[in-house]
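Each remark here refers to the structure printed beneath this line.
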Amino acid sequence: MKHPHIVQHPPPVEWIAKERVILVALAGQPNVGKSTLFNLFTGLNQHVGNWPGKTVERKEGTFTFNGTTYRLVDLPGTYSLTANSAEEVIAREFIIREHPDVVIVLVDAAILERSLYLVAELISLPVPLVVGLNMIDVARQEGVEIEPEVLEAALGVPVVPMVATKNIGVQDMLRVVDQVAQERLHCTPKPPQIRADHQQVLDQIVALIDGHVPAPYPNEWIALKLLEGDREITRAMQQGMPEERWEAVYDVLRAHDDALVAVASGRYEWIGRMVRAAVTHPRAGQISMTERLDRWATHPFWGLLILAGILGLAFWLTYTVGSPLQDLLDTHVVGGLAAWARTALAGGPPWLVGLVADGVIGGVGAMLTFLPILVIFFAVMAVLEDVGYMARAAYVMDGFMHLMGLHGKSFLPLFLGFGCNVPAVLGARVIDSPRARLLTILLAPLIPCTARLSIIAFLAPAFFGAAAPFVSWGMVILALSVLAISGILINRIAFRGQRAAFIMELPLYHLPNGRTIGMLVWQRSISFVKKAGTLILVVSVVVWVFSTLPGGSVEDSYLATVGRWLEPLGQLMGLDWRLMVALLASFIAKENAIATLGVIFGTENGTGLAETLAATFPPSTALAFLAVQMLFIPCAATVAAIRQETNSWRWTFFSLAFLFVVSLLAGMAVYHLAQLGGLG
Amino acid sequence: MMTDFKRPSTVAISPAHVGAIPLSALTAGEHGIVVELAGGEGLQSRMVPLGFTPGADILVLQNFGRGPLIARVRSARIALGRGEANKILVRKELG
């Protein structure tokens, strides 16, 4: 690639001897192919975590090129650098504070104008910029031809044309990044100029804030963000400035409250000049593949039908592939491991055998058996996300989700909850509004997961015979009604009915990229196992200890004591201490409710257990028990996921307390209604 | 769906913008040029980076008269809630 306006120097000698790690940041708007490029650069040398104090994913990796080590940080995808959400703040703070050696900004050639908006913001910051002009193949299909050299000359920073999904231009990008980082390529960026009348206002603000801007923020940039009405910067400056000085700034800002739109329009005018120069063939009027597909996928009727079909497929996959795998893992791996531990520790004290075989292996095993279902759901989510369908699903479900103060994006994660609540909670990440994300996480445990449905499937036939399907259906309806009502109430009370604006890009459809999907599934699974694993281990050991001590049997354990202690509460719902213990034990895994009843009633493996229970308890108690366990506090794995995703113990405990109260209330209501209805 | 039956939120239209209509009033296939963004600063600062600035050409791709709609702005397809679309004032373009 030629860089006509860029002076290329030979490498200074001292660079060769010096060894340092070069910091590169990868920026870009959402859906421009950042993850694909990140994976191509770093391969498996990457680490996924969270940005400090935030629930935004932070990906970092290393690679070497020309003998130099590079540290690559993937910044969150953002449309601009104005603080609308945590993502924008993270991206700009990183660039300004960490001052990376190079910032790669990826743009979508098919949406050149819009994706250059972020470039217009970044180019004004004092960091070396390299533009990756991605998806030139898609642009060509849409009839758009772009001359990268012209764009490069107009921007004054290197522009590398690429097709990241086909590994085209990636080496060029590395070469240019290397040259910029080694300071062998000097660029003169040509940032957008602010309109003359606003420049005056800007100068005024710069003069007023001079001396009050914390390092390393550039004065001009802070002034511009103040003009744009950036909440974060406005608050920080207000706090950091003497009051009368701030008053003066505020007066200027108030006199120009149209500046936000004016500044943005200025950027788009600048972009317009770039685009007019560099685009030889503007977009023709033809109807693209994406628009043709969207006639069906976003149609209010056909779109719902397509969505239902896709979800049906996801469930079919779970049941035909996931469940058998789960059983295999349970009997052979977990069961085998427990049996092996029992033999290996046969000579040791019985408490140790129990602790290892039932506490540790039982608890961790429960999580392990989650994995097949988790991986399948992650894969389904990743594929739908990667091909661009996720946004369409959100679009067609938006109206329905409105009722709960949510919007369409919450639908898929919640729906995944029918398989398992864990991916539902983890899947809430796709929701960009923090409030809607939190509400989705809080509501997810109210979706009846397969484990809970299996409890109903086990108990209902024994108690209700032919009416069992009707009871099961009623329980699901109950859970979903509670979910809808809770959504409306939490939204009204905690969030005062506010609802994030529904503005969402519908990206172009494209073929799924195996590598991107594989990495996503791998990272999410590993991160769950690592983080939730510890918590689940601790909880299972604690519950095991309580269910064993002091006597060694469940009936006279501390857990039973707690159960008896809770019996007065249980009585309100017609539940005796044994059913309360079963509820408590379901905290490790929902299936445990049945296993615990099996232990208490002395019928191992559930043979005849359902019949025994049916003979012991009246139907009203059974109904109440089913209702409570449908809505009861979620299993330890889900709680771990809630803690991980909300990053807050407060909300985690709120969720537990809320579900506890709701389930008990529902249990009482069902019990008394059933008695009124003559069900004994 | 409760929100769908709400009237379009009343927006102050300055005399210079006579003839401006909310984006939600355009049907599929119709173009409009953005005249003004109503709505609070929070909404504006989410909309302008997406290309909804005065003078921008918007093509409505889908609008069934209720629920969200889809528009093409600066070659990107954006889904907007009806409430949000009501706050974008456009001048309808012929052809």
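The values are calculated or read from the model by the stated rules, or taken from the named source; none is laboratory data. Owing to the predicted nature of the structure, the values given are computational and were not obtained by experimental measurement. No Cβ is skipped: glycine too gets one built from the backbone with ideal geometry, and neighbour counts run over all protein chains shown. With ligands, DNA and RNA removed, areas are computed over all heavy atoms of the protein, side chains included. Shrake-Rupley method; radii C 1.70, N 1.55, O 1.52, S 1.80 Å.
Under the condition of being assigned to a loop (DSSP other than H, G, I, E, B) and in contact with a His (Cβ under 9 Å, 6 or more places away or on another chain), the residues counted in the stretch A:186-213 number 2. Filtering the stretch B:22-51 to residues that are of a type outside the set (Gly, Ala, Ser) and facing chain A (nearest Cβ under 9 Å) leaves B:36, B:37, B:41, B:43, B:44, B:46, B:47, B:48, B:49, B:50.
Results for (1) hydroxyl-bearing (Ser, Thr, Tyr); (2) open to solvent by 20 Å² or more (accessible area, probe 1.4 Å), shown as yes or no for each residue.
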{"site": "A:199", "(1), (2)": "no, yes"}
{"site": "A:251", "(1), (2)": "no, yes"}
{"site": "A:258", "(1), (2)": "no, yes"}
{"site": "A:274", "(1), (2)": "no, no"}
{"site": "A:288", "(1), (2)": "yes, no"}
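Whenever a residue of the stretch B:74-86 is within 12 Å of residue B:23 (Cβ to Cβ), its partners that are basic (Lys, Arg) and part of a strand (DSSP E or B), lying with C-beta atoms within less than 8 angstrom and at least six residues away or across chains, give the pairs B:78/B:72. Within the stretch A:256-268, not a single residue is away from chain B (no Cβ under 13 Å), touching a residue at least 24 places away in the same chain (Cβ under 8 Å), assigned to a helix (DSSP H, G or I) and over 30 Å from residue A:423 (Cβ atoms). Scanning the stretch A:593-616 for residues that are open to solvent by 10 Å² or more (accessible area, probe 1.4 Å) and either at pLDDT 90 or above or within 18 Å of residue A:543 (Cα to Cα) (or both) yields A:594, A:595, A:596, A:599, A:600. Within the stretch A:294-309, being crowded, with 16+ Cβ neighbours inside 10 Å and assigned to a helix (DSSP H, G or I) holds for A:294, A:297, A:303, A:306, A:307. Filtered by the rule that a residue be open to solvent by 70 Å² or more (accessible area, probe 1.4 Å) and either touching a Lys or Arg at 6+ places or on another chain (Cβ under 8 Å) or at pLDDT 90 or above (or both), the stretch A:217-231 gives a lone residue, A:220. Among the residues making up the stretch B:69-86, those that are within 8 Å of chain A (Cβ to nearest Cβ) and open to solvent by 10 Å² or more (accessible area, probe 1.4 Å) are B:74, B:75, B:83, B:84. Can residue B:55 be described as assigned to a helix (DSSP H, G or I), of a type in the set (Gly, Ala, Ser) and surrounded by fewer than 23 Cβ atoms within 10 Å (Cβ to Cβ)? Taking the combined requirement at face value, the residue does not satisfy it. Screening residue A:77 with (1) modelled with pLDDT of 90 or more; (2) of a type in the set (Gly, Ala, Ser); (3) more than 16 Å from the chain's Cα centre (by Cα); (4) closer than 29 Å to residue A:227 by Cβ gives one miss only, at (3). For the stretch A:52-84, filtered to residues that are of a type in the set (Phe, Trp, Tyr) and over 25 Å from residue A:501 (Cα atoms), the residue that is farthest from the other protein chains (Cβ to nearest Cβ) is A:65. Checked against the criteria, residue A:448 does not count as under 30 Å from residue A:664 (Cβ atoms) and assigned to a helix (DSSP H, G or I).
Scan the stretch A:180-193 for residues that are open to solvent by 40 Å² or more (accessible area, probe 1.4 Å) and of a type outside the set (D, E, K, R) and the total you get is 6. Right, residue A:456: away from chain B (no Cβ under 14 Å), over 29 Å from residue B:80 (Cβ atoms) and hydrophobic (A, V, I, L, M, F, W, C) or not? Taking the combined requirement at face value, the residue satisfies it. Residues that are within 9 Å of another protein chain (Cβ to nearest Cβ), under 13 Å from the mean Cα position of the chain (by Cα) and over 12 Å from residue A:261 (Cβ atoms) within the stretch B:52-64 comprise B:61, B:62, listed in sequence order. Which count do you get for residues in the stretch A:29-45 that are out of contact with any Leu (no Cβ under 7 Å at 6 or more places or on another chain) and open to solvent by less than 10 Å² (accessible area, probe 1.4 Å)? Selection size over the stretch A:29-45: 1. Selection of the stretch A:638-673 for residues being within 21 Å of the chain's Cα centre (by Cα), surrounded by fewer than 16 Cβ atoms within 10 Å (Cβ to Cβ) and aromatic (Phe, Trp, Tyr) yields A:649, A:653.
Across the stretch A:106-141, which residue is nearest to the other protein chains (Cβ to nearest Cβ) among those that are open to solvent by 20 Å² or more (accessible area, probe 1.4 Å) and part of a loop (DSSP other than H, G, I, E, B)?
For the stretch A:106-141, the residue satisfying everything is A:135.
Where helices (runs of 4 or more DSSP H) sit wholly within the stretch A:342-437, those with at least 1 residues that are modelled with pLDDT under 85, surrounded by fewer than 21 Cβ atoms within 10 Å (Cβ to Cβ) and not hydrophobic (A, V, I, L, M, F, W, C) occupy A:350-354, A:361-387, A:389-402. Whether any residue in the stretch A:295-310 is without any contact (Cβ under 8 Å) to a residue 60 or more places away in the chain, closer than 22 Å to residue A:505 by Cα and basic (Lys, Arg) is what I want to check. Within the stretch A:295-310 (the criterion being without any contact (Cβ under 8 Å) to a residue 60 or more places away in the chain, closer than 22 Å to residue A:505 by Cα and basic (Lys, Arg)), the answer is yes, since at least one residue qualifies.
Take the stretch A:462-498 and flag every residue that is within 14 Å of another protein chain (Cβ to nearest Cβ) and surrounded by fewer than 19 Cβ atoms within 10 Å (Cβ to Cβ).
Filtering the stretch A:462-498 for residues within 14 Å of another protein chain (Cβ to nearest Cβ) gives A:484, A:487-488, A:491-492, A:497-498.
Passing the criteria: A:484, A:488, A:492, A:497, A:498.
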